[in-house]
Every structure is written in C-alpha cells, then in structure tokens.
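Visitor: Input: one structure, supplied below.
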Amino acid sequence: MEPTIAAGAFVLVDPRRQPVVGDVVVAVHPDKGIDITKRVASIDTAGVHVLSDNEAAGQDSRHFGPVPSASIHGVVTKVISSG
C-alpha cells in the first residue's frame, strides 16, 4: 500500500465494518494465502475488487480477480506506525 501505508506498518482494523469503495482493507491474498492491504475499487456479487495505491509495484484484483467477502479481515481505521 505504499506510499499510503509503508511496508511493515502496524494498522488497526475494524472487522465489524463493511467495506465501501475507497476504504483500505486487510484481506487474504486469494492465491498466496498471505495478508494484504489494498484499497476497495468496487464490490459486487463476485467479491471485493481491490487495487494497489502503487499500480506499478503491487498485485491486485487486476492480477488475481476479486477477493471473496469472507477473506476480508476488516477496514483499516488507523495507521499506528509508518513501518
């Protein structure tokens, strides 16, 4: 999520809040099984479409498709440290 959130930063996540377009979320990468932090681009019946704030550096829904809603841990509400 650089430059918005530095690699290694600690974030607070609200697991109860439903994401909306523009939110930053923590989700499980559908292919790698690791946690990722991405911005919500759209939400539909296929899942949550997420984008990297740095299009040249990250993988996002353009590479792996939508993230299932069940794979969203929650919406980032605060960045604790910058990494």
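Visitor: When you scan the range 56-83, how many residues do you find that are small (Gly, Ala, Ser) and assigned to a loop (DSSP other than H, G, I, E, B)?
Guide: Residues in the range 56-83 being small (Gly, Ala, Ser) and assigned to a loop (DSSP other than H, G, I, E, B): 7 in total.
Visitor: Say we look at the range 42-61 and pick out the residues that are in contact with a helix residue (DSSP H, G or I) (Cβ under 7 Å, 6 or more places away or on another chain) and within 16 Å of residue 22 (Cβ to Cβ); which of these is surrounded by the fewest Cβ atoms within 10 Å (Cβ to Cβ)?
Guide: Among them, the one singled out is 51.
Visitor: Residue 77: exposed (fewer than 14 other Cβ atoms within 10 Å of the Cβ) and of a type in the set (Ser, Thr, Tyr), yes or no?
Guide: Yes.
Visitor: Tally the residues that are acidic (Asp, Glu) and touching a Lys or Arg at 6+ places or on another chain (Cβ under 8 Å), restricting the search to the range 28-83.
Guide: Residues meeting the conditions: 2.
Visitor: Could we say that residue 40 is of a type in the set (A, V, I, L, M, F, W, C), touching a His at 6+ places or on another chain (Cβ under 8 Å) and outside any loop (DSSP other than H, G, I, E, B) here?
Guide: Yes.
Visitor: Another one. Which condition number in (1) of a type outside the set (Phe, Trp, Tyr); (2) under 12 Å from the mean Cα position of the chain (by Cα); (3) part of a strand (DSSP E or B) is the one that residue 53 fails?
Guide: Result: residue 53 fails condition (3) only.
Bear in mind that the values in this text are calculations on the coordinates, not laboratory data. Source: prediction; values computed, not measured. Positions of Cβ are generated from backbone atoms using ideal geometry, with glycine treated the same way; all protein chains shown enter the neighbour counts.
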